[in-house]
Structures are given as C-alpha cells and as structure tokens.
Amino acid sequence: MSDTQRITVRVLVYGALIIWTFVSLFPIYWTLTTSFKTAVNVTQGHLIPWVDFIPDWRGWRSLGLSPDTIGQVSTVREEFLKRFANSVIASLGAAALAVVIGSLAAYGLSRFDYKFGWMRNKDISFFFLSQLILPPVVLAMPFLVLYKELALLDTRIGLILVYTLMVLPIVIWIMRDQFDTIPIELEQAALVDGCSVWGAFLRIVVPIALPGMVAAFILSVILCWNEYFFAALLTSTNAKTLPVMVASQTGSQGISWWSMAALSTAAIAPLVVIGVFLERYIVKGLTAGAVK
Amino acid sequence: MASVDVVDVRKAYGSQEVIHGVSIGIKDGEFVILVGPSGCGKSTLLRMIAGLEPITSGDIRIGEKVVNDLPPKDRDIAMVFQSYALYPHKTVAENMGFALKMRHAPKAEIESRVRRAAEILDLVPYLSRYPRQLSGGQRQRVAMGRAIVRDPKVFLFDEPLSNLDAKLRVQMRAEIKELHQRLKTTTVYVTHDQVEAMTMADRIVVMHDGIVEQSGSPLELYDRPNNIFVAGFIGSPAMNLLKGKIKLNGKASFVTEDGIDLPLTSAPQGSDGRPAIYGIRPEHFALGGEAVKAEVSVLEPTGSETQVFAKVGAQKIVGVFRERISAKPGEALPMAPDPKLVHLFDKETGLRLN
C-alpha cells in the first residue's frame, strides 16, 4: 500500500470512529448539559453552555444538590439519597449473590455430568438461558402475589432476590465458558497435591476464573442498576430505586427536564465510572481464555 | 518410598469394560514404564493408581495399604501431567511448594525444600517467575520439581515428555533417569513411545486393549517377545513379520506365502505345515552368503547405518546394516536372516513358538 492509500484508510477509519463516538456520547452530553438549563433553553434546543445558554443550578437545586442548597435540609435530597442507596444495595447484593450461585452452578455444568429427566448438561444450560426469552411482564402477576404472601413487597431483600434471578442465566453462561477454558488437569494436580474437591475449586479454579467473575459481576451490577419494571412493580415507598424515581419526574405539570436531567446524570454517573475504569476487566474477562 | 501392587483391577464405563483384570507388582524403588498404543488403558491405569479415576473391581495397594477408596490427597503420591498442569496464577516457587503448604509444613521448611529441588533441576533463577514466562522445557522441570519437593511414596508420570521437541526429549529422558537413580523413589511412568520405555525403564509393562501383554526388563522384551504384538511394538524400526508355514522334513525351515525358504534352527515337534509368523529384527540380517534375494525398493542412508526397504516375494521387509550399500531400486540384494535370532509365532494365537 502506498502512503497516500494508508493515510486515506486511516482518515476513513478515524472519521467513522469519531462519528460513532459522537453518536454514543451525545446523549450523555445532552443529559449533563440539560441539568444546567432552564425551561427556555430546553425548549429552544440550546446546546453549548456559555455560548447559546448560561448554565443555571436550577435542576440540581430541585434535588437539593446545588452549591447553595447542599448545606440546607432538603427532603428531595434525602429522597434521592435513599433511592440511590436502594439502587446500590439491590444491584451489588444481587450481583454478588448471582456470581456466587452462578459460579457454583456453572462449575457443576462444566465439570460433572448431570441427568435431570431427559435433560443433560447442554439442555440444562440452555434451559437457564431460555429464561431470558420470557418477557418479565408475564411474571408480573405471579410475582406480585408471591411477594405479597412472602411479605417481600417493597423490601430490598425482595428486589435482591428477583434481580438475582434475572441475571443468573447470564452469569451461569459467562462462568461456564470461563470454567470450560480451565484444563481439568489443574484440578487433578491440586487433588494430588493435597486439596479436597472444594479446596481445588477455591484455591485453583476461582483465582484463575477471577477475571470472568469480575466481568460477570460488573455486567450484573449494570443490568440491575438499570432495571425498572420489577422495581416499579414490587416497590413503593421504602425500596424504590433510582430508575423509578427518574421516571416519576414526568409529573402532572409536564416534564421538568432540568430536574430529570440532574437525576439522570446522578443515576448514570456510577455506570460511567464503571465504564471508564473497569471496562478493560470486562473485556479481558469475557474474551481471554484463562490459561493457555 | 513404597511398593505398588495392582491386583486384578478392572475398569468399566457403563457396560463397556476397558481394563480387563490387570495385575502388576511394582517393587520398592523400581522404575516401571507402562507402554502401549493410545487407547490401551495405560493412562487410565495410572489415573486409577493416582485415585483420579475410581476402579470398578480389584485392589490397588501402595506400600501394603489398600488405597481403593482413598482420595488422591491421602495416597502420598506425586504426579507429573502431560500438560504439566502448572498453576498459572502461582510463581514457580509457589507451584513447587503448594503440596507442602497443603500439608501445613512450616514456611522455612517449604522454602528450603523448594530451593533444594530447584537446585537439582536448575530452576533457581526462575523461582519468582510465572509459568507463562517459561519455555516448554523449563515448565516440564517445574512440573517435576513440584513432584520431587514433597518426597512422596510414588511418582506417577503421564507422558511427561510428549510436548517437548525431539532434542529436549532425549535430554529430559536422561535427566529423569538420573533423578530416579538419585532419589530411588518408586516410579510409574506412562508413555506410548517405546524408545522412551526401552531407554528409561527397569521394567516395561506392555499394554494393549486393556490387558498386560508382557512385562519384563527392556532387553527381555526385545530378545524374547511373548507374542506378535510385543514383537511388533518393541524395537525401532519394527520387527519384520512374514507370513507363511513351518516345514519340518529333514531340516526345519520356514516357507513364506510366496514359497521362499527362510532358515530356522529348530521348530516345535509336529508343527510341520503349521501356519506361522516368522519374525526377524531389521538389524539381524547379514549381507551376502546363503541369502534370500530381496528386491530393493528404497535405500535410506543415515551415515552410521543404512536402512533398506525391500520385498521378499510380495511381503515387505526392512533391514538395517552398518555397511554402506550402493544397490539400486529394483536390484536383488542378498539378505541373510540370522537363524539363531528368529522369532516364531503361531498365526492363530499370536503366541511365541520357539
């Protein structure tokens, strides 16, 4: 390839990447800037701060998070922090539980042969994954009745349990792939070296599969953090999460864009942090085989 | 150190039996090699001794103690795997010390024993590296180090050299043998490579289709194979096996299917006309004399010796000669089998006749 050709290809590739970056980042930019706009700026479609609108703390003030309100008592802020805490607890709790249970299930599917009726390992794995096909709305009524009977309505425990169920198939699938890449000789060597079956799992298999576990954990956190349907259905005052609070900003007086944008920004901030700092672990965990 | 006794051990997967009553007695300090083609059950047998595979019936004893139901960790064995199975998240030193750590040995003792093993195996500069930073030969050494650190009753090797290149394999072969002479630990070693078996073993056990075909010292197996399978398996290039009949009128001889007479010193009484197999090793031919005329097809000179691929009638034979030969393909070369070194086998049973 000549130099001009190479440069042309470069320009095209980078051009495409820049356009895609813009498409991906624009909604986040818009959300962030809108949290500093007033009503006029939103309706007139002003985009660039200090150029076509003057930033204003109005959105953040309505959450009690602007510089002038942060020191004062604010019921909205308390509400927000409570929802934020609910989201954190539900996501982390469900992700942790799902990774523990899912890893054990996946290890079993990867290493032992099961017969459950006519189902073998492959069928069982597919059965787990097939649970994702069912739209959650089908389960709405049963869950409502079940949770009412078990007194789990509007509790964080209840949310953690339903979220665990929701992400478990994905965790099992990821972890089974992870364990499949670990040669069985490693565990056998550990058995000969003096480990029990559990010892070999905890001392040899888990450390090697850790990147995959981290990836499965992060993915679960993100999925749970975004979850709206079950949270709206099963919680009300106590255990309500951030997505439900964001959605409830569309009140009877029209949409208060600024406060919704501020709330959304606060809600996506943790995900942005995860994306920026932990993305390489996700990629590493999902792509690389553990051992050559 | 301990003896290992395998007594009438069977292994079945469902209704399919793959090991049919194998018995092997291994003396304390002996280096025994299980050899056979792939699928003969040698690895399964080794894994049963290790406790990684349950046995269907029979007994396995390590040092007089029946270990049938003991998990691997309680058998006091060490095993070297074909893939080495080094723990990728542990350094060389941690890999080697892992078994001692599992036995709650004091830290100082672990360190000194790992160091001693590393000195024996030339691994001292690599102790803090990870397995992925090592070459194939070094990994192999670490796998051996992991086994010797613990001073177990028995070493088990499962084709430990088959992932190495030819040169390194020869070198490691000598090193393993030297190590055994030094440590004198009872060793069971599995390989499909008969050269490895011949060069390293105190005793070879030839397995085939889940049974023991023959067991004995390397030269016993080479000089007096009990049956056609062992005859064909041990030795490289393989023994020539010619089909034909025994002839006993007057002097004993052997007639090939094409009617060519081959010399015999003796044959069993009353075996005249019996269909048999005439076995002669490639190196037991002499050139010239009262010879069989063999039609040369290919010559392979290697410098130190010459391999001759030829035909006797329609049957192919191989000869190995120290002399340099300049025959052309198609030419008739007089090749005389040494009658004293002929192996005669029954055609039906495959068992030795002389």
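Quick one: longest stretch of chain A between exposed loop chymotrypsin sites (Phe, Trp or Tyr not before Pro), exposed meaning at most 12 other C-beta atoms within 10 Å and loop per DSSP?
For chymotrypsin sites (Phe, Trp or Tyr not before Pro) (loop position, at most 12 other Cβ atoms within 10 Å), the longest site-free span of chain A is A:119-292.
Using amide H atoms built 1.01 Å from N in the peptide plane, name the residues 5+ places from B:GLU213, or on other chains, whose amide H lies under 5 Å from its own.
B:VAL206, B:MET207, B:HIS208
Sorted from largest down, give the three principal axis spans of the alpha carbons of region A:68-147, whole angstrom values.
Principal axes ranked by extent give 65, 30, 19 Å for the Cα atoms.
Which values of log₁₀ I(q)/I(0), to two decimal places, follow from the Debye formula for region A:125-251 at q = 0.10, 0.23 Å⁻¹ with a uniform point scatterer at every Cα?
These q points yield log10 I(q)/I(0) values of -0.46, -1.29.
Please compute the length gained on full extension between B:SER112 and B:GLN16, using 0.36 nm multiplied by the number of residues separating them and subtracting their Cα-Cα distance.
Full extension from B:SER112 to B:GLN16 adds 29.8 nm.
Which three extents, in whole angstrom, do the alpha-carbon atoms of region A:145-186 cover along their principal axes, largest first?
48, 16, 15
Using the eigenvalues of the Cα gyration tensor, what equivalent ellipsoid semi-axes result for region B:128-256 when each is taken as the square root of five times the eigenvalue, whole Å, largest first?
Equivalent ellipsoid of region B:128-256: 39, 16, 12 Å, largest first.
What is the fewest-to-most order of B:ILE325, B:ILE228 by other Cβ atoms lying within 10 Å of their Cβ?
B:ILE325, B:ILE228
Here is the link list: B:LYS247/B:LYS316; B:LYS65/B:LYS184; B:LYS153/B:LYS177; B:LYS293/B:LYS347; B:LYS167/B:LYS316. Which ones come out longer than 29 Å on Cα distance?
B:LYS167/B:LYS316
Compute the projected area of the convex hull of the Cα atoms of region B:237-346, averaged over all viewing directions, and report it in nm² to one decimal place.
Its Cα hull, projected and averaged over all orientations, spans 6.5 nm².
So for the pair A:PHE229, A:LEU150, with labels modelled 7 Å out along Cα→Cβ, what separation do we get in nm?
Inter-label distance under the simple model: 1.8 nm.
Stretched out fully, how many nm does the piece from B:THR56 to B:ASP338 gain, at 0.36 nm a residue minus the Cα gap?
Full extension of this stretch gives 96.8 nm more.
Taking springs between alpha-carbon atoms closer than 10 angstrom, which of A:ALA262, A:ALA200, A:ALA96 fluctuates most in the Gaussian network model of chain A?
It is A:ALA200.
Quick one: compute the contact order of chain B, relative version, from alpha carbon pairs under 8 angstrom and 6+ residues apart, as a percent.
15
Report the calculated FRET efficiency for A:TYR29 and B:GLU94 (r = Cβ-Cβ distance, R0 = 35 Å), to the nearest 0.05.
0.15
Using only atoms on other chains, find how many Cβ atoms lie within 10 Å of each Cβ of peptide A:196-209 and report the average.
2
Which residue, A:ARG280, A:ARG77, A:ARG176, tops the fluctuation ranking in a GNM of chain A built on C-alpha contacts under 10 Å?
A:ARG280
Give the Cα extents of the protein assembly as shown along the principal axes, in whole Å, largest first.
Taking max minus min along each principal axis of the Cα atoms, the protein assembly as shown gives 123, 70, 54 Å.
Using the Karplus equation 6.51 cos²θ - 1.76 cosθ + 1.60 (θ = phi - 60°), what ³J(HN,Hα) coupling, rounded to whole Hz, does each residue of region A:188-195 give in order, writing x for Gly and Pro?
5, 4, 5, 4, 5, 6, x, 8
For region B:4-232, what is the convex hull volume of its Cα atoms per residue in Å³?
It comes to 125 Å³ per residue, whole-number rounded.
Suppose the chain between A:LEU202 and A:THR250 were pulled fully straight at 0.36 nm per residue; how much longer would it get relative to their current alpha carbon spacing?
12.4 nm
Please grab the % of Cα pairs in chain A that end up more than 34 Å from each other.
40
In chain B, which longest range has no GluC sites (Glu not before Pro) that are both DSSP loop (not H, G, I, E or B) and surrounded by at most 11 other Cβ atoms within 10 Å?
B:65-322
Based on the Cα gyration tensor of region B:34-161, what are the three equivalent ellipsoid semi-axes, each the root of five times an eigenvalue, rounded to whole Å and given largest first?
27, 18, 11
Within the P(r) computed for region A:1-142, what percentage of the Cα pairs occupies the region above 26 Å?
64
Report the per residue volume, in Å³, of the convex hull enclosing the C-alpha atoms of region B:10-98.
Once divided by residue count, the hull of region B:10-98 is 138 Å³.
Computed from the coordinates by the stated procedures, all read-outs in this text should not be read as laboratory data. Predicted model, so just to flag it, every value in this text is computed and none were measured. A quick note on method: Cβ atoms are made from the backbone with ideal geometry, for glycine too, and the neighbour counts reach across all protein chains shown.
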